[in-house]
1. What order do you get for C22, C53 when you list them from fewest to most C-beta neighbours inside 10 Å?
2. Tally Lys and Arg at +1 and Asp and Glu at -1 over the other residues with C-beta under 15 Å from the C-beta of N168: what net charge comes out?
3. Return the loop-located trypsin sites (Lys or Arg not before Pro) in the stretch 105-212 (DSSP other than H, G, I, E, B) with at most 13 other Cβ atoms within 10 Å of their own Cβ; answer none if there are none.
4. Decide, for the stretch 213-277, between rounded, prolate and oblate: order the square roots of the alpha carbon gyration tensor eigenvalues as a ≥ b ≥ c, take rounded if a/c falls under 1.5, and otherwise choose prolate if a/b is larger than b/c, else oblate.
5. Given only helices, namely DSSP H runs of n ≥ 4 each adding -39500 (n - 2.57), what is the per-residue ellipticity at 222 nm of the chain, to the nearest 500 deg cm²/dmol?
6. Considering the stretch 129-203, what Rg and Dmax in Å follow from its alpha-carbon atoms?
7. Going out from 0 in 10 Å bins, what whole percent of all Cα-Cα distances in the stretch 6-275 drops into each bin?
8. Quick one: net charge of T20's neighbours, Cβ under 10 Å, K/R +1, D/E -1?
Amino acid sequence: MPWTDEHLAWLTDSGEVINTACGSQAKVLNFNYDLNNDEVMTAWAKHLRNHYCEDIDIDEDLDGTGYTRKEFLLKLKFPAEKVTGDHERSGPATRSGDFTEILVSDYLEYILNYYVPRTRYAYKVNPNMSENGSDTFGFKISPDGNSRQDELTIFEVKARLTGTRPVNQLQTAVDDSSKDSVRFSETLNAAKQRLKLRGDRAGVNTVKRFQNPTDNPYIYTSGAATVLVDGMYSINELSKTDTSNHSNNTNLKLLVIKGGELMDLVHKLYEVAANEA
């Protein structure tokens, strides 16, 4: 499998916590990248690319298209960098959304130690459209065998990777996160079907365990995350976040990730991912 944490050298704990209006706390991480660090750039590009098409499958998948690997990825798998027609209209925004969802998935898997299925992007019909359902989710199986301590976490992710006028995207993530409690069954079913297509029986069995909370109780936690370019980051704005109306506010985690010129990085990573395929 292509999944490692080699690319996460740029994601670090700021040590900062934002106290919100309702008494909650939001953890703040820094995403400090270096475009001159070829090793981490390549690791990130590979990680990104394999969400859309695993390297071991790319030659078989592009067979019949007449495209090179680079052309196949840019034309049929990756969201478009620029809008050149109606088909690409949502491309740049989808790039931003896909990248930030993957980044938060990495936080869940490699820092918080959840199992995160990597199935959301490989089966898109239109690469320039975001997939329906919950943004990112992960599972934990209790190490002591107590199934009631198993956990499903679902994070809503909102991004602003350009701009200089701060807005409270964390509040938007909190508000949309409330919807996950009524749509997660569709999300889990889609993930299970995709894992089945990949022949990942262990993944299928993990998802199955969480599909019927009535008969098989477990802990359900929610998450709201925002990924912001430095110009959009404002402690004053983010501290206004109110979680009191969230449907799962007693089990809600808040996360902020910030960094400089993030959209420029995103476009560069997709370029490197295609060039190095």
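Taken together, the values in this text are just the output of simple stated rules run on the coordinates, not laboratory data. Quick caveat, the model's predicted, so the values are computed rather than measured. Note that we place each Cβ from the backbone using ideal geometry, even for glycine, and neighbour counts take in every protein chain shown.
1. Numbers: C22 14, C53 21.
Arranged by neighbour count, lowest to highest, C22, C53 become C22, C53.
2. Working: positive: K158, R160, R165, K240, K258; negative: E156, D175, D176, E237, D242.
Combined, the nearby Lys, Arg, Asp and Glu give 0.
3. Numbers: sites: R118, R120, K124, K140, R148, K158, R160, K179, R183, K192, R194, K196, R198, R201, K208, R209; in loops: R118, R120, K124, K179.
Passing both the DSSP loop test and the Cβ count: K179.
4. Numbers: a/c = 5.41, a/b = 1.49, b/c = 3.63.
Judged from the Cα gyration tensor, the stretch 213-277 comes out oblate (a/c at least 1.5, b/c at or above a/b).
5. Numbers: 9 runs with 95 residues, N = 277.
So the calculated ellipticity at 222 nm is -10000 deg cm²/dmol.
6. Final numbers for Rg and Dmax: 15.8, 49 Å.
7. Over the stretch 6-275, the share of Cα pairs per 10 Å bin runs 7, 28, 36, 23, 6, 0 percent.
8. Numbers: positive: K240; negative: D242.
With Lys, Arg at +1 and Asp, Glu at -1, the neighbours total 0.
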